[in-house]
Amino acid sequence: MLLNRTKAPEHPTRQSPGATDLHGLVMICTTMYRETWDEMSQYLESIEKVATSQKLGEEYSWTGKFEAHVYFDNGVRGNKLTDFSAQLVCLVQSRYKECTVEIKKTWYGWTLQWRLPGSLQLPLYIHLKDNQEVKSKKRWSQVMYMESAVDRFDDSEVKYILATDGDVDFDADSIVAMLMQMLSDRQEEVGAVCARTHPEGSGPFVWYQMFDYAIGHWLQKVTNHVLGSVLCAPGCFSVYRVKAIASVLEEYRSDVEEASEFLTKDMGEDRWFTTLLVKTGWRVKYCAGACDSTHCPEEFDEFWKQRRRWIPSTLANQILLLKNWKTINQNNKYISMIFLLFQIVLLLSTVISPSTCILIVTGGLYYGVGVPTWLSFVLFVLLTLAFALICMYYSQETQLKVAKILCFVFLIAMAIAVVGTASQMAISNTSSAPRIANDNGKYQGCYQEYSYSGDLLLPNAVTRIKDLTNAKCMSHCHENNFYYSGTGSPGTACFCGPQQALENATRLQENMCASPCPGDSGETCGGRPNQMSVYEINRLFGVQLQVDVTTLYIAIVAGIHIVAALLHPREFTCIFHGVVYLFTLPCVYILMNVYSVCNLTDQSWGTREAKSQKEQSKESFLDDVVAKMRQCWSFCRRSYHKLDESIEEEPEREAMEDEVDGRIDVGDSVSSGSRGHMRSIPGEAQPDPGKRFKSTRQWLQSIFGALSNKVEIYEPIFTREGYTDTSFIAGMSDEDLKDIGVADLHDRNDFRRHIRKLHQDEPDIDIRVPDNVETWLTMISLDTDEYKEKFRRAFPEGTKAQIVFQELKTMTEDRIVHKLGVQAKGHLRRLKLAITRIRQPTLREERILKAKRDIDGKFQEHPPDVIAHSKKPYLDPTTEQFRLDQNKEDEFKQNLQQLRNSYLLTYLVANSVWLVLMFTLVEHAELQVINTNPLGLVFLVTFTFVLGVQFAALVIHRLATFIQYVSRIPMTRERISAMCLNINSGYEPI
């Protein structure tokens, strides 16, 4: 450690320039979409801590070496800020009032720039993406900032990217820790460094995630780090080497072309990017000295939807890694065959985790309340299969409701199982059980010699043995091929019985079997009157354990986790949340796995979505179940229709109002900007360059084709009901389509697929009480002479606008139709939405509205000229795969269904085989080893070994982390002199 120190620098606390020179810039790149007020505030607090850091600016001389970039999805529509981007701008302006904003028009939208105060001279850029001009979603935002960094890397300007999420809390020390790991890599073989992430929030779901994140970092991530390479450097807080990014960027920005790629590229982009780095020879490291905090799901639905993305994408990336094992093994010197074998074991354990949990619960219920194992086994299997069918044929809303009920059932079952298992462990290791219990058999307890019918409980091969001991009796029964042995009065009697002998027996209190054995007074052989000590015979004699295998395994698992917590003193409290983790094991490893795989076809993100308008079924859930049971004979026909509808059961639209946790909506105009990249098709209506929205005819032509007769059929249907452009069509539900006369189910499904893509066209309606009716009608695109006249007739001349809107707020739908004479369903829908939103904004909303008006005004004043930029095809939203071509989209959905079915089949076969093998081996006592069936024993030994490897890796990594901490202690002349009295002060780093 001392040899890695340089001479004491002239500045008493500054490191040598050679050791800390970044040789370029660090871009702090963040993606945002629908973060809340508090989450954005937390991000800005983190940026401020970096900008004002004395350590970065003075101790490491990194002034001017950092830039902060925020890439905001759907941040602008034409020349108008959207709701959430206005929220971020308001926060920046409130925090940095003395800073002026610089505005620049870009090919993808707009860029806002502030120069933040502080020793680091940190510039903050907010890149507002117009999703009509550039592809949306996190991966494409990452591609944008990665391309920017790579272009500047060629000029030797940018060397590292610090990727963060928009809700992450971090500090300068964590940045230093990760960058120092990069700088210490003199061969430049490390492509990325990730940090320890702490979930934030409150409630049982957060407690579960605290323990889950803890063991994920303590054991799994450090093991990958020590054995080879970390397999997931999350984009929430990781440092990437731009040179490494350049080597994989071309593949990372490729479109989804196969169903399996959808899981890796769009559902698990961070893990896939890490896989690409490992595949091309880069190593990814884990730095426990760096940490960050991020908000995590606090509610059941959001938590499950998040894991619905994570579980299949993790499996898909593990499979991808193993499929390319030969290439990875050749290209990456850190990835050995042992490392790949370790990943195979982890993959197999994930696949069979549902059946393993069922075995744990059934065994615990047997010991807890005496439920026969076959009964609980059949019950849990049927519940799991029923839930799988519900997940395949019902909406997300129904699935999650059923999941909550089943989770409660599984929680109660697991609580009983935990008590039962603990009770059995205590009995197996209690002093009242003879010492021989774990040598030749397992002590079952004290029982009456006679059953309720008056017959002997163990009626076979009854004999008297001189100097009787439990071992002699078990040996006798073993020679006669019996399952149980029993010793009892008159002190020399030995009883034997078959496996089913104890099914109807009643267990007695242990103190009733207290008679010493004639052959060994340290053991007990039953008691008086007519009690006997019963043992289950172990077929492998001579193997001696002081405790049974189950107790030993649980002790090892618990001990490793407790020691891991002790090695992380600041995180020790996470171990207490392991109680929540334990009780929710069946819910997570059985139900959540089933839910995730069955919903593999769901292409929605799941989290950070606006509240959606769900289609409400007219039939109750129970009625639908009965109807489905009656239609089992027509399974294929029913499957086709229901499956087709279930795939479409994604959120129909983003809601116009979302005020949860500080999220608000403020007013935009509904017509601005231009698209400017529509292709000209003969016979197709061309867009008006002055309008942002497509006409209904243009939209129908994009679905069916310019020459399709369906355009002529449906255009008058839509326009007659007021759906004259995509701003009115956006958000339509299946019921809306039925109401206007779209009767064909297949066409409705086509419309719903395309309507979901119009969420950017939904109008942003001001929440404030309007000053006059005409301005309000203009804002909601109903500013026609017809509607102006209707309002003049409905309300006397001179009526104040506030009075008009107060009355509108009290009107029912029928009243609106009657008083205003609104007939078109699209116009009625727009009026109802606008009236619902009218209210007095809060102080926070007023601040956001002011910031929005300020920036929108500057957008209007800004010169329209944009520096020429050739838009990359892969960032052009009009070229997105499977979206413009209906045949391709249908083919993709079919492939996704086939992939889902193959995953389900794999899960079903693997778990079925595992359950059958385990239950079959239980019935054959002659095959047992150490009182455990051989397959179960192999399973326990394998995973005990895996835990042992993880624990060893943990110890090694903690030692390395300690050395890293010590090596970063500032070295003054006095401190060096005190540490190196007998060492030449002229040493140089090696």
- line: Per segment 696-761, sqrt(5λ) over the Cα gyration tensor eigenvalues, sorted largest first, in Å, gives 15, 14, 12
- prompt: If the chain between Thr920 and Gln330 were fully stretched, how many nm would it gain, using 0.36 nm times the residue separation less the Cα-Cα distance?
  reply: 208.1 nm
message: Show me, for segment 943-952, the HN-Hα J-couplings you get by feeding each phi into the Karplus relation (A = 6.51, B = -1.76, C = 1.60, θ = phi - 60°), rounded to Hz, glycine and proline as x.
response: 7, 5, 5, 4, 4, x, 4, 5, 5, 4
task: Measure off 7 Å from each Cα along the Cα-to-Cβ vector at Lys104 and Val563, then give the distance between these two points in nanometres to one decimal.
output: 5.5 nm
message: Tell me the accessible surface of Met512 in square angstrom (1.4 angstrom probe, heavy atoms of protein chains only), to the nearest ten.
response: 80 Å²
field: Å² per residue, accessible surface of segment 442-537 at 1.4 Å
entry: 45 Å²
task: Compute the distance in nm between two label points, each set 7 Å from the Cα along the Cα-to-Cβ direction, one at Leu905 and one at Ala246.
output: 4.6 nm
For Tyr450, residues with placed amide H under 5 Å, excluding near neighbours: Leu457
task: Quick one: what are the phi-derived ³J(HN,Hα) couplings along segment 264-276, Karplus 6.51/-1.76/1.60 with θ = phi - 60°, whole Hz, x for glycine and proline?
output: 7, 7, 9, 9, x, 5, 5, 5, 5, 4, 5, 4, 5
message: Please compute the modelled spin-label separation between Asp21 and Val955, points set 7 Å along Cα→Cβ, answer in nm with one decimal.
response: 4.1 nm
task: Distance check, please: which entries in Lys97/Lys221; Lys105/Lys243; Lys858/Lys888; Lys55/Lys129 exceed 32 angstrom between their Cα atoms?
output: Lys97/Lys221; Lys858/Lys888; Lys55/Lys129
- request: Return the FRET efficiency for the residue pair Arg853, Gln121: r is the Cβ-Cβ distance, R0 is 25 Å, and the value is rounded to the nearest 0.05.
  value: 0.25
Between segment 331-404 and segment 67-108, the Cα center-to-center distance that results, in Å: 46 Å
field: Rounded accessible area of Lys49 (nearest 10 Å², 1.4 Å probe)
entry: 80 Å²
field: Long-range HN-HN contacts of Trp62 with modeled amide H, under 5 Å
entry: Gly57
- prompt: Taking 0.36 nm per residue of separation and subtracting the Cα-Cα distance, what length does fully extending Trp310 through Val938 add?
  reply: 223.2 nm
In Hz, Karplus ³J(HN,Hα) per residue of segment 337-343 (6.51, -1.76, 1.60; θ = phi - 60°; x = Gly, Pro): 5, 5, 4, 5, 5, 4, 5
field: Accessible area in the full protein assembly, largest first, 1.4 Å probe, for Ser475, Ser202
entry: Ser202, Ser475
task: Using only protein heavy atoms and a 1.4 Å probe, report how much of Val938 is accessible, in Å² to the nearest 10.
output: 90 Å²
- request: Please figure out what share of the DSSP beta bridges in segment 25-335 is antiparallel and state it in percent, rounded to the nearest 5.
  value: 45 percent
task: Can you sort Trp107, Trp37 by 1.4 Å-probe accessible area, starting with the largest?
output: Trp107, Trp37
field: Interchain or long-range residues, amide H under 5 Å from Val101's placed H
entry: none
message: With just the Cα atoms defining each centre, how far is segment 710-781 from segment 808-842? Give it in Å.
response: 15 Å
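The values are calculated or read from the model by the stated rules, or taken from the named source; none is laboratory data. Just so it is clear, the model here is predicted, and its values are computed rather than measured. When we count neighbours, we look across all protein chains shown, and the Cβ atoms used for this are built from the backbone with ideal geometry, even at glycine. When the accessible area is computed, the model is the full protein with side chains, heavy atoms only, and any ligands, DNA or RNA have been set aside. Shrake-Rupley method; radii C 1.70, N 1.55, O 1.52, S 1.80 Å.
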